[in-house]
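Structure, as structure tokens:
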Ligand code: RB5
């Protein structure tokens with residue numbers, strides 16, 4: 001990937017601070033962060049935010065996404081209901097690199113109540129710095145899409 005992709009970020013109420021820290025980190029690194037909120041801490045529903053981020057990606061407005069809820073699990077499940085989305089929860093840098101290299105994941109999900117900010121930023125870097133390897137992995141990704 002030559003041009004830096006636009007990256008949509010969304011979360012539920014449990015992950016606002018971490019989401020904003022990730023957005024700032026991404027921007028500092030020269031990527032374009034599109035933070036679609038929520039911006040205020042009232043309790044909210046993670047499926048809505050997972051769907052909103054997923055729609056930004058499948059529409060082509062953004063090329064990648066980073067979504068968060070308390071565990072990263074619920075919002076990941078919601079995002080994966082949108083056809084064309086391949087989203088995985090990552091709590092370690094190895095998995096974050098591999099979901100890009102092997103699974104061509106277009107959204108990364110993180111649990112804000114599971115990992116601290118330092119690890120979360122490393123996970124984001126591992127995900128964004130990796131590239132899809134294609135080849136036999138493209139065959140398998142196509143099977144997922146089927
Ligand atoms: C919200 O309390 C919590 O359930 C949510 O952030 C997430 O962990 C769900 O998967």
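Computed values, structure above
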{"quantity": "Segment 115-134, residues that are part of a loop (DSSP other than H, G, I, E, B) and more than 20 Å from residue 85 (Cα to Cα)", "calculated": "115, 116"}
{"quantity": "Condition met for residue 110 (buried (at least 17 other Cβ atoms within 10 Å of the Cβ) and within 16 Å of the ligand (Cβ to nearest atom))", "calculated": "yes"}
{"quantity": "Residue 121, sole failed condition from (1) over 11 Å from the mean Cα position of the chain (by Cα); (2) away from the ligand (no atom under 16 Å from the Cβ); (3) crowded, with 23+ Cβ neighbours inside 10 Å", "calculated": "(3)"}
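Each value in this text was obtained by applying a stated rule to the coordinates, not by laboratory testing. These numbers come from a predicted model, not from an experiment. Cβ atoms come from the backbone with ideal geometry, glycine included; neighbour counts cover every protein chain shown.
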